[in-house]
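Visitor: Here it is: the structure, laid out below.
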Amino acid sequence: MELSADYEVNYDCMIQWDSSNVHFEYLTLPSGCWRYRGEGNANIVIALKDEATIIRLSKNYSGVSWSEHHKKKVERQVVFTTHVFAPLLGKYFVAKVRAVYVSPEQIQQLNECLQRIRPSHRMHKELKVPYAAAHSDFARTLKFSSEDVDYCVEIKPKKGWWIKLHGMGDSRPNLCNYCLNQYQKLKKSKISSRSNYCPLDLFSGNPARIVEAVISLLANPQNNLRIFRDGRLVYSDVNKSDVYNSLEAVINEWMSSSSHQLPTTTSGIGPLKNFVYLICLALLKPHMESTDADSGINRFFQLKNELEELIISHSMVEQNDLLSLKLNEKKFKESNRKCCNLESSELPLGSVLSRILNAQKLEDSDGTYIRKVFHAMNALTQNASLLKAGWMKCL
Ligand SMILES: O=P(O)(O)O[C@@H]1[C@@H](OP(=O)(O)O)[C@H](OP(=O)(O)O)[C@H](O)[C@H](OP(=O)(O)O)[C@H]1OP(=O)(O)O
Ligand SMILES: Nc1ncnc2c1ncn2[C@@H]1O[C@H](COP(=O)(O)OP(=O)(O)OP(=O)(O)O)[C@@H](O)[C@H]1O
């Protein structure tokens, strides 16, 4: 297994660990200026309408109150994002973060307003903590005055590597964490059908498998794919009733104005194929910050050519419209995956997939790489316990 990152981690960037430098900006949230964006297990995200900013407010179990410990947690998030995560993933992929304070009264008002909007399975937790992190809103890239439409695809790829511990009595089936978890989630009724998506395919570096992964995410998005239009959720696992209509509508609209079209004279290339192509390119395109740009770009163009041929002749989407997804719904509906494909080839250096995979691989089995980073950083900082906590949470 390759454990090193596709770039040298710059330990010097990580030297400024002093979270006492983090200042909290006071933020008011007048009604009409914010919108609920979404939430996970730990945070609720509110989008500030005119500022291309989101705030990530942490949730607590109902009845549990907040303390100064929560302030420290936000300070750590800011320091960790700035001095570890940005150098690790690349500044291109990590937006600036700042700390904000929202009065407890406003937090309570938010809770009340959100009652009607939040999904019922998340309601056992609520907002309590007045300290939060503010990030760039990745769903809003255009200026607010722009007449163009802002589209955003969110992918939660999950862990993209898996190894069998040969010779160590590892009798597990070759199923990655995500695919194995599908069985458990179905059993607990957290999902209605097992997905055909496998993270090992998405991160495989193999164009055919990457395309299958993207199509599988579209066919059964679960918690792993969302599409936003001007910051509003238009396609996800939740709005299932007219799911194909809205997917079809948004892709038709988006692709009619996209400059990233499949280069073909063949008729019958529809918006879905162009959309799958666009997502694959975005995932594989290198954004280099160092000198090793050439090899990433060469690999990208190699994959791009293969993708073009592959998508143009792809049987799944050859019907030229999204109905092909619907027609194949049965096939996609219930994956019966008994083993994952553990093979992989090179991803373009500097692509988001490559960066994420390398960061994930810091969780290596014997801890060699993480120890190296930890010791280097330990020598640079007096705040070792904070660092350790940050790494552990990150991985
Ligand atoms: O265990 P998994 O793979 O289901 O992942 C959990 C995520 O579920 P997912 O499968 O992505 O829908 C889960 O995501 P959601 O809250 O469901 O969006 C959390 O990320 C959870 O992390 P934590 O417990 O809040 O630190 C995640 O738990 P940990 O992986 O951090 O234990
Ligand atoms: N910077 C951002 N720009 C745009 N939307 C965002 C941003 N950060 C989060 N979101 C939206 O808010 C949702 C919830 O955020 P997030 O995943 O960070 O919550 P979480 O509780 O930490 O998740 P988890 O429980 O999975 O760890 C995301 O799924 C995404 O739709």
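The values are calculated or read from the model by the stated rules, or taken from the named source; none is laboratory data. Nothing here was measured: the structure is a model prediction, and the numbers come from that model. Using ideal geometry, Cβ is built from the backbone for each residue, glycine included, and neighbour counts are taken over all protein chains shown. Each accessible area value is taken on the protein alone, full model and side chains, heavy atoms only, with ligands, DNA and RNA left out. Shrake-Rupley method; radii C 1.70, N 1.55, O 1.52, S 1.80 Å.
Visitor: Quick check on region 267-295: of everything there that is under 23 Å from PRO157 (Cβ atoms), open to solvent by 30 Å² or more (accessible area, probe 1.4 Å) and charged (D, E, K, R), which residue is modelled with the lowest pLDDT?
Guide: Filtering region 267-295 for residues that are under 23 Å from PRO157 (Cβ atoms), open to solvent by 30 Å² or more (accessible area, probe 1.4 Å) and charged (D, E, K, R), the one modelled with the lowest pLDDT comes out as GLU289.
Visitor: Considering region 19-72 alone, what residues qualify as being away from ligand 2 (no atom under 16 Å from the Cβ), small (Gly, Ala, Ser) and free of Cβ contacts under 8 Å to residues at least 60 places away in the same chain?
Guide: Residues satisfying the conditions are SER20, GLY32, GLY63, SER67.
Visitor: Only one residue in ARG118, ARG76 is basic (Lys, Arg) and open to solvent by 30 Å² or more (accessible area, probe 1.4 Å). Which one?
Guide: Residue meeting the stated conditions: ARG76.
Visitor: Now a separate question. Report, by residue number, each residue of region 30-50 that is open to solvent by 70 Å² or more (accessible area, probe 1.4 Å) and touching a strand residue (DSSP E or B) at 6+ places or on another chain (Cβ under 9 Å).
Guide: ASN41, LYS49
Visitor: Condition (residue is surrounded by 15 or more Cβ atoms within 10 Å (Cβ to Cβ), at pLDDT 90 or above and under 30 Å from VAL149 (Cβ atoms)) applied to region 258-266: is it met by at least one residue?
Guide: For region 258-266, residues surrounded by 15 or more Cβ atoms within 10 Å (Cβ to Cβ), at pLDDT 90 or above and under 30 Å from VAL149 (Cβ atoms): absent.
Visitor: Which of the residues belonging to region 18-45 are within 16 Å of ligand 1 (Cβ to nearest atom) and more than 18 Å from ALA139 (Cα to Cα)?
Guide: ASN41, ALA42
Visitor: Sticking with this one: Tell me the residue from VAL100, VAL64 that is assigned to a loop (DSSP other than H, G, I, E, B) and over 20 Å from the mean Cα position of the chain (by Cα), please.
Guide: So the residue among VAL100, VAL64 that is assigned to a loop (DSSP other than H, G, I, E, B) and over 20 Å from the mean Cα position of the chain (by Cα) is VAL64.
Visitor: Sort through ARG209, ARG229 and tell me the only one that's touching a strand residue (DSSP E or B) at 6+ places or on another chain (Cβ under 8 Å) and either among the charged types (D, E, K, R) or outside the structural domain of CYS339 (by TED's automatic domain parsing) (or both).
Guide: Every option except ARG229 fails the conditions.
Visitor: With the requirement that a residue be open to solvent by 60 Å² or more (accessible area, probe 1.4 Å) and aliphatic (A, V, I, L, M), what does region 55-73 give you?
Guide: Correct list: VAL64 only.
Visitor: Next question. Which one of the conditions (1) under 22 Å from ILE155 (Cβ atoms); (2) modelled with pLDDT of 90 or more; (3) in contact with an Asp or Glu (Cβ under 7 Å, 6 or more places away or on another chain) does GLY90 fail to meet, given that it meets all the rest?
Guide: Result: GLY90 fails condition (2) only.
Visitor: Then there's this: Report yes if some residue within region 46-60 is at pLDDT below 90, assigned to a loop (DSSP other than H, G, I, E, B) and more than 25 Å from LEU142 (Cβ to Cβ); otherwise report no.
Guide: No, there is no match, as no residue in region 46-60 is at pLDDT below 90, assigned to a loop (DSSP other than H, G, I, E, B) and more than 25 Å from LEU142 (Cβ to Cβ).
Visitor: If the requirement is being open to solvent by less than 40 Å² (accessible area, probe 1.4 Å) and within 16 Å of ligand 2 (Cβ to nearest atom), which of these qualifies: LEU202, LEU247, LEU217, LEU233?
Guide: Selected residue: LEU217, the only one of LEU202, LEU247, LEU217, LEU233 that is open to solvent by less than 40 Å² (accessible area, probe 1.4 Å) and within 16 Å of ligand 2 (Cβ to nearest atom).
Visitor: Quick check: is even one residue across region 124-141 part of a loop (DSSP other than H, G, I, E, B) and away from ligand 2 (no atom under 16 Å from the Cβ)?
Guide: No: zero hits.
Visitor: What single numbered condition from (1) within 13 Å of ligand 2 (Cβ to nearest atom); (2) in a loop (DSSP other than H, G, I, E, B) fails to hold for SER192?
Guide: (1)
Visitor: Out of curiosity, is ILE227 among the aliphatic types (A, V, I, L, M), open to solvent by less than 20 Å² (accessible area, probe 1.4 Å), within 16 Å of ligand 2 (Cβ to nearest atom) and closer than 30 Å to ALA47 by Cβ?
Guide: Spelling it out, ILE227 is indeed among the aliphatic types (A, V, I, L, M), open to solvent by less than 20 Å² (accessible area, probe 1.4 Å), within 16 Å of ligand 2 (Cβ to nearest atom) and closer than 30 Å to ALA47 by Cβ.
Visitor: Now, a different point. For the list (1) within 15 Å of ligand 2 (Cβ to nearest atom); (2) loosely packed, with under 14 Cβ neighbours inside 10 Å, I need the number of the one condition that ALA86 fails.
Guide: Unmet condition: (2).
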